[in-house]
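Here's the structure, in structure tokens; my notes come after.
The values are calculated or read from the model by the stated rules, or taken from the named source; none is laboratory data. Small disclaimer: the values here were computed from a predicted structure and weren't measured. Cβ atoms come from the backbone with ideal geometry, glycine included; neighbour counts cover every protein chain shown.
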Amino acid sequence: MISILVDESYAYDYLSILHIKGRNKNCADLRLSIELCYDSIAGQVGQQLHNTIILSEEYENLLEANRETFEAVDKAKTDAVKASLIDALNYKRYLCKKDLQERFFECPQKEIKIGYV
């Protein structure tokens with residue numbers, strides 16, 4: 001595996017995506033990926049802060065945004081939803097990451113969405 005430096009909220013976004021996928025599939029490889037990601041993040045931010053984030057409203061909002069996005073992307077495979085919905089949900093997800101970053105970490109989120117005010 002490769003390690004890269006990302007915003008903390010990006011790491012929690014990735015973990016939440018794994019959790020959403022894990023709800024839909026019963027796969028040992030996916031469970032291992034969730035566990036490795038969970039432990040890696042906890043090891044870097046500290047277990048106490050990690051637990052606080054996982055139980056926070058911000059993380060719950062991020063999970064929900066990713067669930068909505070995941071479901072819409074699945075529907076988009078058959079053109080059952082418009083691309084504009086996917087875009088709106090992706091922006092909602094961005095805002096959830098931003099909220100998490102701002103609440104729990106001192107440095108601002110570096111990700112920038114282009115085309116939005």
- [ ] Kindly list the number of the only condition in (1) among the small types (Gly, Ala, Ser); (2) modelled with pLDDT of 95 or more; (3) over 13 Å from Asp13 (Cβ atoms) that fails for Ala65.
- [x] (3)
Open item on the list: Which pairs turn up if I take residues in the range 81-97 that are over 16 Å from Ile114 (Cβ atoms) and look for partners that are of a type in the set (Lys, Arg) with beta carbon separation below 6 Å, at least 6 apart in sequence or on another chain?
Closed with: Val81/Lys75
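For (1) farther than 15 Å from Lys98 by Cα; (2) without any contact (Cβ under 8 Å) to a residue 24 or more places away in the chain; (3) touching a Pro at 6+ places or on another chain (Cβ under 8 Å), each residue gets a yes or a no:
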position	(1), (2), (3)
His19	yes, no, no
Leu30	yes, yes, no
Ala42	yes, yes, no
Asn51	yes, yes, no
Leu55	yes, yes, no
Ala65	no, no, no
Open item on the list: What's the total number of residues in the range 74-117 that are hydroxyl-bearing (Ser, Thr, Tyr) and within 13 Å of Tyr59 (Cα to Cα)?
Closed with: 1
